[in-house]
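Structure first, commentary second.
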Amino acid sequence: MSGPSLMDSLFQRSLEDIIKGLRQQLIGEQAFISKALDEIRKEIKSTDLSTKSTALLKLSYLSNLHFHDMSFAAFPALEVLSSPRFSHKKIAYHAISFSFHDSTPVLLLITNHLRKDLNSTNEFEVSLSLQCLSRIANVDLARDLTPEVFTLLSSNKLYVRKRAVAVVLRVFEKYPDSVRVCFKRLVENLENSDPQILSSVVGVFSELACKDPRSYLPLAPEFYKILVDSKSNWISIKVLKIFSKLAPLEPRLAKRVVEPVCDLLRNTGAKSLLFECIRTVVTSLSEYESAVRLAVGKVREFLMDDDPNLKYLGLQALRIVAEKHLWAVSENKEVVIKSLSDADPNIKIESLRLVMAMVSEHNVSEISRVLVNYALKSDPVFCNEILGSILSTCSRNLYEIIVDFDWYVSLLGEMSRIPHCQMGEEIENQLIDIGLRVKDVRPELVRVARYLLIDPALLGNSFLHSVLSAAAWASGEYVEFSRNPLELMEALLQPRTSLLPPSIRGIYIQSAFKVLVFCLHTCFVRGGSIVPSASLNNLPAGVSASASYESFDEFSVENGADVTVVHGQTRASAPITKESIVNLLNLVELALGPLLGSHDVEVQERARNLLGIVDLTKPEVLNSSVQEKDDSEGKGVETSQIIKLMHDAFSKELGPVSLSAQGKVSLPDGLVLKENLGDLEMICGDIEPPSSNSFSFGSPYEEKDGLSFSNLQIKEDSEQSNESTSLLAEHRKRHGLYYLPSGKSELISNDYPPANDPTLQCDINDNDDNLVKITAESLVPKRKPNHGKPRPVVVKLNEVDEKPVAMKQPESRDGSLSGAVRDVLFGREDIPPTSSQSNLSNKPSSKRKGKEKQHTDPHLESKENVIDDGNSSSRRKDRSHGKERRHRSPRKKNFEERKDTDQKEKEKSRRHHGRHKSRQRAEEPLKVTAQTPVIPDFLL
Amino acid sequence: MIKAVMVMNTQGKTRLAKFYEYLSVEKQQELIRGVFAVLCSRAENVSNFIDAESIFGPDSCLVYKHFATLYFVFVFDSSENELAVLDLIQVFVETLDRCFKNVCELDIVFNYSKVHTILDEMIFGGQVVETSSSEIMKAVEEISKLEAASNAITLIPKSASGWRSR
């Protein structure tokens, strides 16, 4: 290889030269390729077809393996295609089949080339052409070449025929009307004895049945015959695929096939066929207990196998079974749980899903405990997989399976401390969500929050920041449950908070604000109850004090909501003295002073607010502490007045308002919307709602707290001045009907058994056997002990209860295809002779160009005759039987279904070929009768 | 239906790529990279499946086999059987082996057209049409003969490639 030389100009480089050049890499790959591309651009314009085809081959190579666009060669490819030589044709077809697509401009020019080759006597040319058609066919190509495909469907060359069968799939998909022409012949091929043809036809039907199984029910007898007679595993697999789609639609069919499937299941030696049988049974024949038992037995063999593929597929099958037969999982739980520590990530994840499928309210805590321990030991990816599935399982349906929320909140805290944990945001959401929904858990929530906040090590982990923000918010919002607010304050203001991003720092400062107000309030307003104890120097003693409180934990958890009362009275909690308040104020000043110059507006603003209140109260505090016993009542009262107001502002529980609340309020008489907006501004005063949505700004707790941040903002706004607070109250009074009462739609479930069975609580070690044991115990329905703690109330909003309706719209394309198939299969004898019959044969021909007419019409007519003569009589008989038996089948359903398909059809016809509209309308009467699937009596 | 067939070596170089639905070359490259990123992180002696839905969208499975320096990757949807496709990879590799007598990566590198021909004999528009490696061999030989014959007609070959290609 050298630069431009005599050789280069005299001889074109072949593909092999290119490959060699690329491998030698003399001038670097990119440079070499762009040089080659330049050559190709020149060569491809050559008039000599050999040069052109070689250039095209080189270009396809570069496009295929080095991903260079080759759309510029679309026309040259067509030129090469017109060459009489096979080798050129092959190169051209190769290039076309992976570079042409629906919007290639020269696509329509290919029609005649394809037609010529489809009619060729050389089977390989026909094959190339069919192959190309199967890749690039669009509506026009499919329509124009339908007659050729139809002819080839009965070709006597097997090589061609099986490909013609396969190409039908694409032709049907692109041009559903071709069904009328080709379907009959396709079905005839089902009776072919040649396994290759059969394999091809069955393959096509399994694809078709995937998209719209109902239309193919009438062919069930043919498929059944194949299932029973087939010697080829490949064909059996495909037929099983078809039956797994058909069986759920027709119980009689399921009853009929269950026996042969079980026979296959017992007798086959091929793993692939065996697995397909298992899958068919567990997905579509799951009502047949004995069949499921048999299949699960085979699954067990898969699970025991050393081949990881079989193990993986076995687990997958088990997951499908688990939906209806959980016993199958519990029977195999040892294997499932052992697989959690398998080397293969697929197997691990699959078994994790199965373990999660076993979770119920009885065993959730044990399983979670073990899984968390697994998570601690496993690699980051799987660790987060575990955490994610615990989080999603536990929060499913508003924490349906959680009974002991104290336990769950502490689990959340524990999960966030796992080193690999990256689920911060989800944990954040759940912490806040639970805090809002479950009143009883708040003391524990504050305890967990404190636990997270006081650990300076956590601040360095950026994945935990969102958890910390939730913890900070909870400790501020529910500070009244805290045993040591002073310590909380210290945690919130610790110097390492500078590691946090500003938005979260803002939340910290805001929470510190709430804590401070709470402390001041306790000290001044409820001051009488607090005994000043100068000997206790609270701030430094915070940590040691907290250690001693640990012993109270059990106790306090038991007592639930009484915690504060208990601690208030026992004085074990750090008493808030004047002195400690002074320390507190100093601490705030010290920590926040530097933040007044912060570059972040949020942080600066909040710091300023907090320091403002410190400035306001500090003189009073100092003053009153000096002259404690003296008079100076006047000033003290004034300060406590302010503090009281502030405290009230914070402690007012803002009820949750559902997002759709406003929509439910009927428009009052005389209120003209979009007028008098000036009034609104007066009401709102200086509060600027951040978005139009939060017009109901009294309701910052929309049900999901991903919004917690903006909530806080709003909240802060409303607390910045007392005026706005009072305005808020005023607003609530005036527009009370916009607010929901907070306790509305609560669900109280009683008699829940305790999640933590004391006998099991002790074994926290994480070996497999343990989990096996646990699940073994918990899967056996226990007698519910009645003395359990009742499940706390979980506040629900109407929004959440509505399940998202995930109705997937079937593709509109299938609608018209299935419509066409149904016409062919059911509708023939019902056609009113005047409208549709004539339409069918006339319309297409009138739409077409003259020369195609000759091709199409004979086929169409002959085929229709065949159907009418051959099948209609027997079908009609079947039909009447079928109808008699189907008396029970709800007509309404059929009717709806028909409407559905019609609608889809209309959509489709509007979109793609509006000109068929009139015709489709003409067919509608036909469909009314055609929809009932007819299963011949053979099956009964 | 089979969605794609890929062969790549252990360095991530594509050796064969066939997508049965049209995809732009950029998209193809992205998918192949995505597959390789997962493949090369997998240990030996683990299962031959990869979760393909994150790469190819819903309803897709991926099966691969690792031979010497090459990964053979088949992507397909729920209308194929995983183990049957695994067998199909075996058939493909066996056929290559028969065709090139002890196939190695270089054979695939230098016989771009022939490898595609073999694959096309097996899989037709995403449908499997032939699973017998001797039938495939027969057809491939016929096609090669036909190509050679059509080239031999040329009296004055314009390019050197005419002589070289077998």
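Less than 11 Å Cβ to Cβ from A:Ala92, Lys/Arg counted +1 and Asp/Glu -1: what total charge do the surrounding residues give?
Surrounding charge for A:Ala92 is +2.
Net charge near A:Ile226, counting Lys/Arg +1 and Asp/Glu -1 over other residues with Cβ under 10 Å of its Cβ?
-1
Run the simple label-point estimate for A:Lys664 and A:Asp306 please: 7 Å along Cα→C-beta, distance reported in nm.
So the two model labels end up 6.4 nm from each other.
Could you grab the relative contact order for region A:125-225? Cα pairs under 8 Å, six or more apart, rounded to a whole percent.
Relative CO of region A:125-225 lands at 27 percent.
Apply the membrane-span-like helix rule to chain B: whole DSSP H runs, Cα extent along the own long axis of at least 24 Å, mean Kyte-Doolittle hydropathy at least 0.5. List the helices found.
Flagged H segments are B:82-100.
Provide a whole-number value for the mean count of partner chain Cβ atoms within 10 Å of the Cβ atoms in peptide A:414-424.
0
State the extension gain, in nm to one decimal, for the chain segment bounded by A:Ser498 and A:Ala457, taking 0.36 nm per residue of separation less the distance between their alpha-carbons. Please report the intermediate quantities before stating the final value.
Numbers: separation 41, 0.36 × 41 = 14.76 nm, distance 1.30 nm.
Here the segment from A:Ser498 to A:Ala457 would lengthen by 13.5 nm.
Mind ranking A:157-166, B:143-152, A:510-519 by how tightly packed they are, going by the mean number of other C-beta atoms within 10 angstrom, highest first?
Values: A:157-166: 23.5, B:143-152: 16.5, A:510-519: 25.9.
Order by mean packing, descending: A:510-519, A:157-166, B:143-152.
Name the shape class, rounded, prolate or oblate, that the alpha-carbon gyration tensor gives for region A:470-523, where a ≥ b ≥ c are the square roots of its eigenvalues, rounded holds for a/c under 1.5, and otherwise prolate holds if a/b is larger than b/c and oblate otherwise.
prolate
Can you check what the net charge comes to around A:Ser82, using other residues whose Cβ is under 14 Å from the Cβ of A:Ser82 (Lys, Arg +1; Asp, Glu -1)?
+2
Contour minus end-to-end for A:Leu590 and A:Glu287, with contour as 0.36 nm per residue of separation and end-to-end as the Cα-Cα distance? Spell out each step's value before the answer.
Working: separation 303, 0.36 × 303 = 109.08 nm, distance 7.13 nm.
Here the answer is 102.0 nm.
Determine the distance separating the Cα centre of region A:314-346 from the Cα centre of region A:433-480; give it in Å without decimals.
Using only Cα atoms, the two centres lie 36 Å from each other.
Averaging sequence separations of C-alpha pairs under 8 Å and six or more residues apart, then dividing by the length of region B:1-129, give the relative contact order as a whole percent.
The value is 28 percent.
Run through region B:26-122 and list the GluC sites (Glu not before Pro) located in a DSSP loop whose Cβ has at most 16 other Cβ atoms within 10 Å.
Sparse-neighbourhood loop GluC sites (Glu not before Pro): B:Glu44.
By the gyration tensor of its Cα atoms, with a ≥ b ≥ c the square roots of the eigenvalues, what is the shape of region A:74-180: rounded for a/c under 1.5, prolate for a/b over b/c, or oblate?
oblate
Which value in nm describes the separation of the simple spin-label points at A:Leu671 and A:Glu414, placed 7 Å from the Cα toward the beta carbon?
5.0 nm
Quickly estimate the mean residue ellipticity at 222 nm for chain B, helices only: each DSSP H run with n ≥ 4 gives -39500 (n - 2.57), and the total goes over all residues, rounded to 500. Intermediate results must be reported in sequence, preceding the final value.
Numbers: 7 runs with 79 residues, N = 166.
Helix-only estimate at 222 nm: -14500 deg cm²/dmol.
If we count other beta carbons within 10 Å of each Cβ, what is the order of A:His88, A:His420, fewest first?
With the fewest neighbours first, A:His88, A:His420 line up as A:His420, A:His88.
Quick one: compute the contact order of region A:3-106, relative version, from alpha carbon pairs under 8 angstrom and 6+ residues apart, as a percent.
22 percent
Just list whichever of A:Lys338/A:Lys377; B:Lys18/B:Lys65; A:Lys271/B:Lys27; A:Lys324/A:Lys348; A:Lys211/A:Lys311 have alpha carbons separated by over 24 Å in the model shown.
A:Lys271/B:Lys27; A:Lys211/A:Lys311
Mind running the shape call on region B:21-132? Use the C-alpha gyration tensor, a ≥ b ≥ c as the square roots of the eigenvalues: rounded below 1.5 for a/c, prolate if a/b tops b/c, oblate otherwise.
Since a/c stays below 1.5, the shape of region B:21-132 is classed as rounded.
Read-outs: derived from the displayed coordinates by stated rules, not from any lab. These numbers were taken from a predicted model, which means no experiment stands behind them. Neighbour counts run over all protein chains shown; Cβ positions are idealised from the backbone, glycine included.
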